[in-house]
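In what follows, a structure is listed as structure tokens, so that the remarks can point back to it.
The values are calculated or read from the model by the stated rules, or taken from the named source; none is laboratory data. Computed from a predicted structure; not experimentally measured. As a convention, Cβ positions derive from the backbone with ideal geometry for all residues, glycine included, and neighbour counts pool all protein chains shown. Each accessible area value is taken on the protein alone, full model and side chains, heavy atoms only, with ligands, DNA and RNA left out. Shrake-Rupley method; radii C 1.70, N 1.55, O 1.52, S 1.80 Å.
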Amino acid sequence: MGKPHGLDGAFVVEEASDDPARFAEGAALLVGGESARVVESKRAGGRPVIRLDRPVERGTALEVERASLPETEEGSYYAFELVGLEVEEQGGERLGRVVEISSAPGNDVLELDSGIALPLVDACVEKVDLVAGRILVKPGFTSHG
């Protein structure tokens, strides 16, 4: 959650969803793993401003149930599905584990616990296997090979 807005417990939602209904009045969210409902929703400066049915500490992440998210297209993934996956280069060299997906001007970037950053593009990523917990990348995108 972002900075407070007014005195009634409302706050600005930072890095909001592309789905405007996500923060509509009555919407269900998870706050610290516990269910909460949006009891007031408006916009200020183009960003959602909401109030929940209970107090929320500043900086707490707002999440949604996985089942409420739309299915992704073939070859597309939610960032949370990729975080924690092992990354290997073709040939079997382990490069690290995904700790974050960051946005760059041209594409998203896989940030690994080893300090390696890889572009999340077809030219680099050979295969994402969520079941096996692994991302296979093509050679030539690191100084390792």
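Please report, as a whole percent, how much of the solvent-accessible surface of the chain comes from carbon and sulfur atoms (probe radius 1.4 Å).
The nonpolar share, carbon plus sulfur, comes to 48 percent.
Run the numbers for Glu73 and Arg47: contour at 0.36 nm per residue of separation, minus the present Cα-Cα distance, in nm.
6.7 nm
Find the accessible area per residue for the chain; the probe is 1.4 Å, ligands and nucleic acids are left out, and the unit is Å².
61 Å²
What does the charge add up to near Glu126, with Lys and Arg as +1, Asp and Glu as -1, over the other residues with Cβ less than 12 Å from its Cβ? Walk me through the numbers on the way to the answer.
Numbers: positive: Lys127, Arg134, Lys138; negative: Glu88, Glu89, Asp122, Asp129.
Cβ neighbours under 12 Å give a net charge of -1.
Can you tell me the relative contact order of segment 14-83? Whole percent, Cα pairs under 8 Å, sequence separation 6 or more.
Relative contact order comes out at 25 percent.
Suppose R0 equals 35 Å; then what is the FRET efficiency for Ala117 and Glu40 from their Cβ-Cβ distance, rounded to the nearest 0.05?
Plugging the Cβ-Cβ distance into 1/(1 + (r/R0)^6) gives 0.30.
Once both labels are modelled 7 Å past Cα along the beta-carbon direction, what's the Gln90-Asp129 spacing in nm?
Label-label distance for Gln90 and Asp129, simple model: 1.5 nm.
With a/c under 1.5 counting as rounded, go ahead and sort segment 74-145 into rounded, prolate or oblate using the C-alpha gyration tensor (a ≥ b ≥ c being the square roots of the eigenvalues; past the cut-off, prolate if a/b is larger than b/c, else oblate). Write down the numbers at each step before the final one.
On the way: a/c = 1.31, a/b = 1.12, b/c = 1.17.
Because its axes are fairly even, with a/c under 1.5, segment 74-145 counts as rounded.
For the chain, modelled as a Gaussian network with Cα springs under 10 Å, which listed residue fluctuates most, Pro105, Pro70, Pro119?
For the chain, modelled as a Gaussian network with Cα springs under 10 Å, the answer is Pro105.
For segment 21-138, what is the relative contact order in percent, using Cα pairs closer than 8 Å and at least 6 residues apart in sequence?
With pairs under 8 Å counted, the relative contact order is 15 percent.
Classify segment 103-145 from the C-alpha gyration tensor, please: rounded if a/c falls under 1.5, else prolate or oblate depending on whether a/b exceeds b/c.
On the way: a/c = 1.39, a/b = 1.19, b/c = 1.17.
It is rounded, given that a/c, with a ≥ b ≥ c, falls under 1.5.
Using Cα springs under 10 Å in a Gaussian network model of the chain, which residue among Leu69, Leu130, Leu82 shows the largest mean-square fluctuation?
Comparing Leu69, Leu130, Leu82 in the GNM, the peak value goes to Leu130.
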